[in-house]
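Participant: My structure is below; once you've seen it, I'll send some questions.
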Amino acid sequence: MTSPLVSCTDLAVSLTTAAPPTLIDVRWRLGGPPGRADYDRGHVPGAVYLDLDADLAASPGPGGRHPLPVPEDLQRVLRAAGVRAGHPVVVYDADNGSIAARLWWLLRWVGHDQVRVLDGGFAAWESEGRPVTADVPAPEPGDITVRPGQRPVVDAGGAAELARAGLLLDARAPERYRGDVEPIDPRAGHVPGAVNAPFAAHVGADGRWRAPGELAGHFAELGVDGNRPVGAYCGSGVTAASVLLALEVAGVTDRAALYAGSWSNWSADPERPVATGDAPG
């Protein structure tokens, strides 16, 4: 299986070819300021900026803080960014891939398999002294046809079933999983039965992704065994995509499900149970 990650070196080479990949910058940070300002200060040459809130999610509501985008809206956004059928796409964020994974997963979800995430993100690109520009490209319109449903998605009921009969991984930081703090959503804690799998564990001290074998061992310790169905959630369905990306990098599975509404959806319903502490609950 081809890795869903691409190194700075390989990206740099591909950008010099006659048909370079479509390059998309999705830098974003929880609580702001907007990532567009980072992009305007400097980005990888040729990269188009897409905003997580405006371009890669529907409006917040009962479905959560970052519901999946309406397919027609996503198709419009992707075509404006130059995404073409059968043509490779490379996505990057600031560093650890946790935001880039959202667009990586969305493209896989709508049937575009030729997409990779830049290992180490913009931080790695810049640290290697590679070219950066403030010029904003005007890409030729793309022709991608969005066909949602190519990757599994579950709702709250499906997440509860995964936690009971499969393995539901919670991508949030340990203190949010335990319920020690909850800075955003209505209630603190986790889906009963979910196992904590913080997205920060996917990268090493140098900011690059851990080797496939290391990640495979990491997931084995969490209980991923190839026999039970697996799914992931986080606060709003964004960083959970990096768990799905990590599972694929590890060569474990490309069929894990995303609970798109995630904790922002689960915790909004007072009838749904909440667990706290280190154990799955």
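Each reported figure results from applying straightforward, stated rules to the coordinates on display, with no laboratory input. Everything quoted here is computed from the prediction, not taken from an experiment. Cβ coordinates were reconstructed from backbone atoms using ideal geometry, including for glycine residues, and neighbour counts include every protein chain displayed.
Participant: Looking at the stretch 5-127, what % of its DSSP beta bridges pair antiparallel, to the nearest 5?
Facilitator: If I count the DSSP bridges inside the stretch 5-127, around 10 percent turn out antiparallel.
Participant: Could you calculate the contour length gain from ARG147 to ALA123, that is, 0.36 nm times the residue separation minus the distance between their Cα atoms, to one decimal place in nm?
Facilitator: 5.4 nm
Participant: Kirkwood Rh over alpha-carbon pairs of the stretch 5-127, then Stokes-Einstein at 20 °C and 1.002 mPa s: what D in µm² s⁻¹, rounded to an integer?
Facilitator: Here the translational diffusion coefficient equals 147 µm²/s.
Participant: Once you keep just the Cα pairs under 8 angstrom separated by 6 or more residues, what percentage relative contact order results for the chain?
Facilitator: The normalised contact order for the chain reaches 22 percent.
Participant: Report the Rg/Rh value for the chain, based on alpha-carbon coordinates and the Kirkwood definition of Rh.
Facilitator: Rg divided by Rh gives 0.96.
Participant: Report, as a whole number in µm² per second, the diffusion coefficient that Stokes-Einstein gives for the stretch 204-281 at 37 °C and 0.692 mPa s using the Kirkwood radius over alpha carbon pairs.
Facilitator: The diffusion coefficient I find is 236 µm²/s.
Participant: Sorted from fewest to most neighbouring beta carbons within 10 Å, what does the list ARG178, ARG36, ARG27 look like?
Facilitator: Least to most surrounded, the residues fall as ARG36, ARG178, ARG27.
Participant: Another question, then. Counting other beta carbons within 10 Å of each residue's own, what order do THR253, THR9 fall into, fewest first?
Facilitator: So the ranking, lowest neighbour count to highest, is THR9, THR253.
Participant: If you don't mind, there's one more thing I want to ask. Order by neighbour count: SER267, SER14, fewest other Cβ atoms within 10 Å first, most last.
Facilitator: SER14, SER267
Participant: I want to make sure I understand the PRE zone here: with the label point 7 angstrom from the Cα of GLU182 toward its beta carbon, which residues in the stretch 190-214 have backbone N atoms less than 18 Å away?
Facilitator: Flagged as within label range: 190-197.
Participant: Label-point separation (nm) for ALA12 and ARG29, each offset 7 Å from Cα along Cα-to-Cβ?
Facilitator: My value for the distance between the label points is 2.6 nm.
Participant: Could I ask something else about it? Provide the FRET efficiency to the nearest 0.05 for the ALA200-SER59 pair, computing r from the beta carbons and using R0 = 35 Å.
Facilitator: Computed FRET efficiency for ALA200 and SER59 comes out at 0.80.
Participant: I need the per residue convex hull volume for the stretch 153-266, using only the alpha carbons, in cubic angstrom as a whole number.
Facilitator: Looking at the stretch 153-266, the number lands at 92 Å³ per residue.
Participant: Rounded to the nearest 5, what is the percent of antiparallel bridges among the DSSP beta bridges in the chain?
Facilitator: Expressed as a percentage, antiparallel bridges in the chain total about 15.
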